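Please read through the structure below; I'll follow up with questions.
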Amino acid sequence: MKKLFAIVSSALLVAACSSTRGNLLSRTEYHDDEVSEREEYHYTDGNLALVTRVIYYNNAPDSSWTEYEIRHNGQTTDTIETINSIKRKIKSSDGSIRSYHLVGDEWKEDSYYNLDTLNKYNKYVSDALICKYDNKGRIISSQPRLTDETQDYHPSYLSDTLRYTRRGVTRIEYSNTYSDGCYHKEPSMMFKSRYRHGLRTRFVVYTVKDGKFRPQSINKTKYDFRARVPLKSFTYDPREPIILRKPYPKTIWTYEK
């Protein structure tokens with residue numbers, strides 16, 4: 001029998017999830033037609049005040065929680081997410097994202113990222129990456145910034161390329177391994193996204209088999225395009241016969257009328 005565990009997230013001064021449909025009330029995720037996670041959103045004076053998350057596990061209790069706080073610092077606004085009082089992520093309106101963990105009474109920084117605001121597909125760019133851009137400011141390739149290749153240590157790494165069309169974007173991930181005095185690059189995965197009115201409606205994951213890309217999973221999302229909010233999202237395995245296909249997972253959002 002599945003056990004039930006509740007996770008409560010306190011949200012301070014967070015703006016309401018406004019849309020022409022009204023505030024977001026709940027997000028429910030299903031696996032094999034059973035509820036696996038449910039979030040409910042509560043508002044005070046139209047502003048999001050509390051998020052309650054209920055997760056269903058098989059003998060795997062989880063007692064984590066997340067608190068949210070908004071701070072205004074001159075020209076920027078920071079959203080602070082504190083998890084279990086020991087992990088913290090600060091997302092700034094300038095595009096930077098910083099992660100911390102608590103050591104004693106002091107927060108130690110783990111990582112720093114900067115969101116490439118020129119890339120509408122929201123790819124995160126780290127200082128540890130070397131990126132190339134097209135004439136529209138979009139990333140077309142990236143790879144880790146390696147140490148001097150004259151050194152004896154030659155780690156394997158992943159790189160990727162991106163191709164944009166009017167309807168979507170295709171990203172190919174490559175595995176780079178060192179042998180016989182140089183790096184060898186082989187495609188490992190491919191991800192195809194299709195957009196409508198700036199919202200991703202289809203996402204396909206491919207893996208390499210017998211030297212060809214084979215679809216592994218397909219995700220589709222339905223929206224209220226006028227309100228620009230998701231209504232339903234589901235993923236399925238295209239390798240299964242159509243009559244046997246079941247969405248995994250399936251997510252449904254509900255809003256105030």
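Going residue by residue through the stretch 185-192, is there one that turns out to be open to solvent by 50 Å² or more (accessible area, probe 1.4 Å), assigned to a loop (DSSP other than H, G, I, E, B), out of contact with any His (no Cβ under 7 Å at 6 or more places or on another chain) and not hydrophobic (A, V, I, L, M, F, W, C)?
No: the stretch 185-192 contains no residue that is open to solvent by 50 Å² or more (accessible area, probe 1.4 Å), assigned to a loop (DSSP other than H, G, I, E, B), out of contact with any His (no Cβ under 7 Å at 6 or more places or on another chain) and not hydrophobic (A, V, I, L, M, F, W, C).
Residue-by-condition table, conditions (1) within 14 Å of residue 33 (Cβ to Cβ); (2) aromatic (Phe, Trp, Tyr):
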position	(1), (2)
225	no, yes
228	no, no
231	no, no
245	yes, no
254	no, no
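When both residues are 6+ apart or on different chains and their Cβ atoms are under 8 Å apart, which pairs have a first residue that lies in the stretch 215-236 and is within 13 Å of residue 198 (Cα to Cα), and a second that is surrounded by 17 or more Cβ atoms within 10 Å (Cβ to Cβ) and of a type in the set (A, V, I, L, M)?
223/229; 229/24
Taking the conditions exactly as written (open to solvent by 40 Å² or more (accessible area, probe 1.4 Å), over 29 Å from residue 23 (Cα atoms), at pLDDT 70 or above and of a type in the set (Asp, Glu)), does residue 69 satisfy them or not?
When the stated conditions are applied, residue 69 does not pass them.
Ok, one more. Show the residue pairs meeting these rules: Cβ distance below 9 Å; 6+ apart or different chains; first residue within the stretch 87-114 and free of Cβ contacts under 8 Å to residues at least 12 places away in the same chain; second residue acidic (Asp, Glu).
Matching pairs, first to second residue: 89/81.
Let me ask another. Considering each of 99, 111 in turn, give the residue that is under 25 Å from residue 157 (Cβ atoms) and modelled with pLDDT of 90 or more.
Result of the check over 99, 111: 99.
Every residue in the stretch 168-184 that is surrounded by fewer than 17 Cβ atoms within 10 Å (Cβ to Cβ) and not hydroxyl-bearing (Ser, Thr, Tyr), please.
Those that are surrounded by fewer than 17 Cβ atoms within 10 Å (Cβ to Cβ) and not hydroxyl-bearing (Ser, Thr, Tyr): 173, 180, 181, 182, 184.
Still on this model: If you go through the stretch 157-167, how many residues are open to solvent by less than 80 Å² (accessible area, probe 1.4 Å) and more than 18 Å from residue 135 (Cα to Cα)?
Of the residues in that region, 3 qualify.
Quick check on the stretch 198-250: of everything there that is in a strand (DSSP E or B) and of a type in the set (Phe, Trp, Tyr), which residue is surrounded by the most Cβ atoms within 10 Å (Cβ to Cβ)?
Out of the qualifying residues, it is 206.
Let me ask something additional. Just to be sure I understand, how many residues within the stretch 6-39 are at pLDDT 50 or above, within 22 Å of residue 93 (Cβ to Cβ) and hydrophobic (A, V, I, L, M, F, W, C)?
Result for the stretch 6-39: 1.
Continuing with this model, one more query. Could you say whether any residue in the stretch 207-216 is under 24 Å from residue 130 (Cα atoms) and charged (D, E, K, R)?
The answer is no; no qualifying residue exists.
Given the conditions (1) open to solvent by 70 Å² or more (accessible area, probe 1.4 Å); (2) modelled with pLDDT of 75 or more; (3) not aliphatic (A, V, I, L, M), which single one is not true for residue 43?
(1)
The values are calculated or read from the model by the stated rules, or taken from the named source; none is laboratory data. Everything numeric here is computed off the predicted structure, so don't read it as measured data. Cβ atoms come from the backbone with ideal geometry, glycine included; neighbour counts cover every protein chain shown. For accessibility, only protein heavy atoms count, side chains too; no ligands or nucleic acids. Shrake-Rupley method; radii C 1.70, N 1.55, O 1.52, S 1.80 Å.
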